[in-house]
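Student: Please find one structure pasted underneath; my questions will follow.
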Amino acid sequence: TSARVVENADEHWVETFDERIFPASLLGISGDIAVLQIDAAGLRPAVFGDAADLDVGSFVAAIGNSYGFSGGLAWGEVNGFRPDGTIQLSVGVSAGSSGGAIVDTRGRVVGLIKAKISEAYYLDVPGGTGKSSYSPRRLELPTSAVSLALPIGTVLRLARNVTETGGAPAYVGVYVEDLTGWQAEHYKTKQGVLVIGVVGGSPAERYGIATGDIIRTVGSETVESVRRFRQ
């Protein structure tokens, strides 16, 4: 679930769709993700998809605890993908939906609801006189439904960080830029990211990474942009 759902709570409980309630243990928090564990029989694990299979215009559904209504569902489509990998959606999520699932048209979980973007829009209504006398008032009008979701790959990576290390954040200690323009010409490549700074005392410095280095891979994963490097 989302870290904001469980923050500052002394106890945690999970209610399943068939209205069973179980005490839960908070295993830890990593970034925006909190991992809860329950002991319950007869549960089926969700089927995970891949946010990389989504495109602009892909239809998705958001499932959450909308205003206390368990299992509330909203349809929408993918707007696009932000530089950090966050999915922007035209899906009308509401209070209580944070931490809920984003599923594709095959029922596979492809993301986790992170936040709703809304700008308050008001209409000032002047007071009436005569027989229809009433006081001036301000009406809050609905705004466009735009929400953000973490891709499921990011969610699972953060969850594994909790189960394997207790939630200790990964830390490299470098500042990087994309290899574009004059940098690509100078280094004769566009593959990888350019290190433009190293934090003193960081793991990067201890292991010999220096300004001017190019990082091409992280583990077995090819790095073609700053966005991919951060993911």
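Student: Using a 1.4 Å probe on the protein heavy atoms, what percent of the accessible area of the chain belongs to carbon and sulfur?
Tutor: Accessible surface attributable to carbon and sulfur in the chain totals 52 percent.
Student: With unit charges on the beta carbons (Lys and Arg positive, Asp and Glu negative) and the dipole taken about the Cα centre of the chain, which residue among Leu43, Thr105, Leu139 sits farthest to the positive side?
Tutor: So the residue furthest toward the plus end is Leu139.
Student: Per residue, how large is the accessible surface of the range 136-214? Use a 1.4 angstrom probe and give square angstrom.
Tutor: Per residue, the range 136-214 has 62 Å² of solvent-accessible surface.
Student: At 1.4 Å probe radius, can you tell me the per residue accessible area of the range 1-116 in Å²?
Tutor: 59
Student: Can you sort Arg230, Arg216, Arg138 by 1.4 Å-probe accessible area, starting with the largest?
Tutor: Values: Arg230 175, Arg216 100, Arg138 145 Å².
In descending accessible area the options line up as Arg230, Arg138, Arg216.
Student: With the crude spin-label approximation of a point 7 Å out along Cα→Cβ, what separation in nm comes out for Val199 versus Gln231?
Tutor: Those two pseudo-labels are separated by 2.3 nm.
Student: Continuing with the same structure: Among [x] 47; [y] 29; [z] 44, find the value of percent of Cα pairs over 28 Å apart that was calculated from the structure presented, and write down its label.
Tutor: Comparing each candidate, only [x] matches the computed number.
Student: Scan the chain and report its longest stretch carrying no chymotrypsin sites (Phe, Trp or Tyr not before Pro) that are both in a DSSP loop and have at most 16 other Cβ atoms within 10 Å.
Tutor: With chymotrypsin sites (Phe, Trp or Tyr not before Pro) excluded where exposed in loops, the chain gives 68-170 as its longest stretch.
Student: Apply 1/(1 + (r/R0)^6) to the Cβ-Cβ distance of Ala170 and Arg4, taking R0 = 22 Å, and write down the FRET efficiency to the nearest 0.05.
Tutor: After rounding to 0.05, the efficiency reads 0.60.
Student: Also, I was wondering about something else. Just grab the label-to-label distance for Ala52 and Gln183, each label 7 Å out from Cα along the Cβ direction, in nm (one decimal).
Tutor: 2.3
Student: Now for a different question. Given only helices, namely DSSP H runs of n ≥ 4 each adding -39500 (n - 2.57), what is the per-residue ellipticity at 222 nm of the chain, to the nearest 500 deg cm²/dmol?
Tutor: -3500 deg cm²/dmol
Student: Measuring from label point to label point, each 7 Å out along Cα→Cβ, what is the Ile215 to Asp84 span in nm?
Tutor: It works out to 1.6 nm between the two label points.
Student: May I pose another question? Which residues make up the longest stretch of the chain clear of GluC sites (Glu not before Pro) that lie in a DSSP loop with no more than 12 other Cβ atoms within 10 Å, not counting the sites? Show your work: numbers first, answer last.
Tutor: Numbers: sites that count: Glu7, Glu11, Glu19, Glu119.
No qualifying site falls inside 120-231, the longest such stretch.
Student: Taking Cα pairs under 8 Å and at least six residues apart, what relative contact order does the chain come out at, in percent?
Tutor: Dividing the mean separation by the residue count of the chain yields 16 percent.
Student: As I understand it, the value is the acute angle between the Cα axis of helix 152-165 and the longest principal axis of the Cα atoms of the chain; what does it come to in degrees, rounded to 10?
Tutor: Approximately 70 degrees, to the nearest ten.
Student: Related question: Quick one: length gained pulling Trp75 to Arg108 fully straight, 0.36 nm per residue minus the C-alpha distance?
Tutor: Stretched out fully, the Trp75 to Arg108 stretch lengthens by 10.4 nm.
The values are calculated or read from the model by the stated rules, or taken from the named source; none is laboratory data. Just so it is clear, the model here is predicted, and its values are computed rather than measured. Because the Cβ atoms are built from the backbone with ideal geometry, glycine has one as well, and the counts that use them run over all protein chains shown. Side chains are part of the model used for accessible areas, which takes the heavy atoms of the whole protein and leaves out ligands, DNA and RNA. Shrake-Rupley method; radii C 1.70, N 1.55, O 1.52, S 1.80 Å.
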